[in-house]
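Participant: First the structure, which I've put down as structure tokens, then a few questions once you've had a look.
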Amino acid sequence: MKNVDARTINMKTGNDCKFMMTKKEKENLYNEARAFYELAECGRINIPEKKNVESFIPYIVNMTFATELYLKLLLIDNGKSISEVVKLGHKLSDLYEALNQAQKDTIYQAFKRPLVFSIPDELKKINTAFVDWRYLVLNKANNYQRRNQFSPYFIKEFNEILETMCKLII
């Protein structure tokens, strides 16, 4: 029988994966998050100023997915298992709330300007953006009003803060 590690067996059988990530796996997750962030930024730079909201879909999808990956890396570094992080799902506010208080304080203090909003409230506005915006035209839950709630400035700066924190992990 081929030599296979227990994590591979658990993933194939659907058993709960309680394993922690190796340093290399954390580095790979960081690199994936960074790639989605950079792709979003490239797209944003090339969107004309007065383009319709649909032009921002790739930016929003890629940027919020980067946010999800960065938050999951922070949680894994806190000692959460892969299965615990997977169970938290895609909702950015749930992932943020699962961070420890010291991390939340670091994020809050790292914003370049005084915050006139609540980070959890801003995250709730885009809580499921990665899932919702991929098929925006097909998703009737996303009406025009909801689409205009998105703050690209918040999510960009939030990602920059998370990226800096995650870089310290790897």
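The values are calculated or read from the model by the stated rules, or taken from the named source; none is laboratory data. Owing to the predicted nature of the structure, the values given are computational and were not obtained by experimental measurement. Ideal geometry is used to build each Cβ from the backbone, glycine not excepted, and the neighbour counts take in all protein chains shown. Just the protein is used for accessible areas: all its heavy atoms, side chains included, with ligands, DNA and RNA removed. Shrake-Rupley method; radii C 1.70, N 1.55, O 1.52, S 1.80 Å.
Participant: Can you pull out every residue in the range 10-24 that is open to solvent by 80 Å² or more (accessible area, probe 1.4 Å), assigned to a helix (DSSP H, G or I) and at pLDDT below 90? Write out each step before concluding.
Facilitator: Taking the range 10-24 and keeping what is open to solvent by 80 Å² or more (accessible area, probe 1.4 Å), we get 11-13, 15, 18, 20, 23-24.
In the following step, the residues that additionally are assigned to a helix (DSSP H, G or I) were identified as 11-13, 23-24.
If the condition is that a residue be open to solvent by 80 Å² or more (accessible area, probe 1.4 Å), assigned to a helix (DSSP H, G or I) and at pLDDT below 90, then M11, K12, T13 are the ones that fit.
Participant: Just need a number here: residues in the range 126-138 that are in a loop (DSSP other than H, G, I, E, B), surrounded by 14 or more Cβ atoms within 10 Å (Cβ to Cβ) and without any contact (Cβ under 8 Å) to a residue 60 or more places away in the chain. Break it down stepwise before answering.
Facilitator: Going residue by residue through the range 126-138, those that are in a loop (DSSP other than H, G, I, E, B) are 126-128, 136-138.
From the residues that got through so far, the ones that are surrounded by 14 or more Cβ atoms within 10 Å (Cβ to Cβ) too are 126-128, 136.
Narrowing the set further to residues that are without any contact (Cβ under 8 Å) to a residue 60 or more places away in the chain leaves 127-128.
Result for the range 126-138: 2.
Participant: Mind counting the residues in the range 152-165 that are within 12 Å of the chain's Cα centre (by Cα) and not β-branched (V, I, T)?
Facilitator: Total meeting the criteria: 6.
Participant: Can you go through E27, E32 and tell me which one is touching a Leu at 6+ places or on another chain (Cβ under 9 Å), open to solvent by 20 Å² or more (accessible area, probe 1.4 Å) and assigned to a helix (DSSP H, G or I)?
Facilitator: From the options E27, E32, the qualifying one is E32.
Participant: Restricting attention to the range 89-125, report how many residues are modelled with pLDDT of 95 or more, in a loop (DSSP other than H, G, I, E, B) and buried (at least 16 other Cβ atoms within 10 Å of the Cβ).
Facilitator: Final tally of qualifying residues: 2.
Participant: Something else now. Does I76 fit the bill of being open to solvent by less than 60 Å² (accessible area, probe 1.4 Å), at pLDDT 95 or above and over 20 Å from E157 (Cβ atoms)? Break it down into steps so the answer makes sense when it comes.
Facilitator: Numbers: open to solvent by less than 60 Å² (accessible area, probe 1.4 Å): yes; at pLDDT 95 or above: yes; over 20 Å from E157 (Cβ atoms): yes.
Considered against the rule, which asks whether it is open to solvent by less than 60 Å² (accessible area, probe 1.4 Å), at pLDDT 95 or above and over 20 Å from E157 (Cβ atoms), I76 comes out as yes.
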